[in-house]
Amino acid sequence: MAYDRYVAICHPLHYTAIMTPQLCGLLVLVCWILSVLHALLHSLMVLRLSFCTHLQIPHFFCELNQVVQLACSDTFLNDLVVYFALVLLVTCPLTGILYSYSKIVSSIRAISSAQGKYKAFSTCASHLSMVSLLYSTGLGVYLSSAAAHSSQSTSTASVIYTVVNPMLNPFIFSLRNKDVKRALKSLFGGKI
């Protein structure tokens, strides 16, 4: 989405030529394949571990960090793969997002009218809010499970990361819809 917003704002006249259905399909396919390979890698890495009997994970789903921490065998290789994948699969997209938004901000600054700046920024606001929410809660999940072994704080962070983000996603992206804005204004008495 960052690349889509970048092309829409920085190269608006070339948007349809650049963002073809084939390119959009390719971007989705690459994301899907990377996600499947990432999950498969960690699943296979966990299979090589041995576990003691009668263990419970205090979560509503088996998060990788929690499963690896419960292993009785050496988890050095698993930890190494987790951190390598974290650097590769978080840092690269975040760098791309930051680069595209730096170009977008420089393009928005060149727009002379306030109306044009508002329209260009509102195009990116929903994506930026979701990216910020996703990265901050994801970071919170992994930092809270690494720093403190409190099951309550880790469970809360996991719920926010896995339930609240996907639940807010359609709502945040629909805020640009005029019908949704009108309904919210009537619901809150025009205070929005």
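Just the residues that are open to solvent by 90 Å² or more (accessible area, probe 1.4 Å) and either outside any loop (DSSP other than H, G, I, E, B) or touching a Phe, Trp or Tyr at 6+ places or on another chain (Cβ under 6 Å) (or both), please, taken from the stretch 41-50.
Result: 44, 47.
Please pick out the residue among 140, 190 that is surrounded by fewer than 12 Cβ atoms within 10 Å (Cβ to Cβ) and at pLDDT below 75. Spell out the reasoning first.
On the way: 140 fails: surrounded by fewer than 12 Cβ atoms within 10 Å (Cβ to Cβ).
Residue meeting the stated conditions: 190.
List, please: which pairs have Cβ atoms under 8 Å, are six or more places apart or on different chains, and start with a residue in the stretch 162-174 that is under 17 Å from residue 125 (Cα atoms) and end with one that is surrounded by 11 or more Cβ atoms within 10 Å (Cβ to Cβ) and β-branched (Val, Ile, Thr)?
165/137; 174/180
Looking at 35, 73, which is the one that is at pLDDT 85 or above, assigned to a loop (DSSP other than H, G, I, E, B) and not basic (Lys, Arg)? Give the derivation first.
Details: 35 fails: assigned to a loop (DSSP other than H, G, I, E, B).
The conditions single out 73.
As an exercise: evaluate residue 3 against (1) more than 17 Å from the chain's Cα centre (by Cα); (2) open to solvent by 70 Å² or more (accessible area, probe 1.4 Å) and give the number of the one condition it does not meet.
Of everything listed in (1) more than 17 Å from the chain's Cα centre (by Cα); (2) open to solvent by 70 Å² or more (accessible area, probe 1.4 Å), residue 3 misses just condition (1).
Looking at the stretch 61-70, can you tell me whether even one residue there is without any contact (Cβ under 8 Å) to a residue 60 or more places away in the chain, part of a helix (DSSP H, G or I), hydrophobic (A, V, I, L, M, F, W, C) and in contact with a strand residue (DSSP E or B) (Cβ under 9 Å, 6 or more places away or on another chain)?
Looking through the stretch 61-70, at least one residue is without any contact (Cβ under 8 Å) to a residue 60 or more places away in the chain, part of a helix (DSSP H, G or I), hydrophobic (A, V, I, L, M, F, W, C) and in contact with a strand residue (DSSP E or B) (Cβ under 9 Å, 6 or more places away or on another chain).
Looking at the structure I just gave you, is residue 35 closer than 22 Å to residue 92 by Cα and within 27 Å of the chain's Cα centre (by Cα)? Spell out how you get there, then give the answer.
Details: closer than 22 Å to residue 92 by Cα: yes; within 27 Å of the chain's Cα centre (by Cα): yes.
Taking the combined requirement at face value, the residue satisfies it.
Does residue 55 satisfy being surrounded by 10 or more Cβ atoms within 10 Å (Cβ to Cβ) and outside any helix (DSSP H, G or I)?
Numbers: surrounded by 10 or more Cβ atoms within 10 Å (Cβ to Cβ): yes; outside any helix (DSSP H, G or I): yes.
Criteria met by residue 55.
Which of the residues spanning the stretch 89-115 are under 18 Å from the mean Cα position of the chain (by Cα), open to solvent by 90 Å² or more (accessible area, probe 1.4 Å) and hydroxyl-bearing (Ser, Thr, Tyr)? First the steps, then the outcome.
Step one: of the stretch 89-115, the residues under 18 Å from the mean Cα position of the chain (by Cα) are 89-101.
Okay, now just the ones that are also open to solvent by 90 Å² or more (accessible area, probe 1.4 Å), so 98-99.
99, the sole residue that qualifies.
Can you tell me which residue among 86, 70 is out of contact with any Leu (no Cβ under 7 Å at 6 or more places or on another chain) and open to solvent by 40 Å² or more (accessible area, probe 1.4 Å)? Walk me through how you get there before you give the answer.
Details: 70 fails: out of contact with any Leu (no Cβ under 7 Å at 6 or more places or on another chain).
Result: 86 is the single residue among 86, 70 that is out of contact with any Leu (no Cβ under 7 Å at 6 or more places or on another chain) and open to solvent by 40 Å² or more (accessible area, probe 1.4 Å).
The values are calculated or read from the model by the stated rules, or taken from the named source; none is laboratory data. Here the structure is a predicted model, which means the values were calculated and not measured. Glycine also receives a Cβ, built like all others from the backbone with ideal geometry; neighbour counts cover every protein chain displayed. Keep in mind that these areas ignore ligands, DNA and RNA; they rest on the heavy atoms of the full protein, side chains included. Shrake-Rupley method; radii C 1.70, N 1.55, O 1.52, S 1.80 Å.
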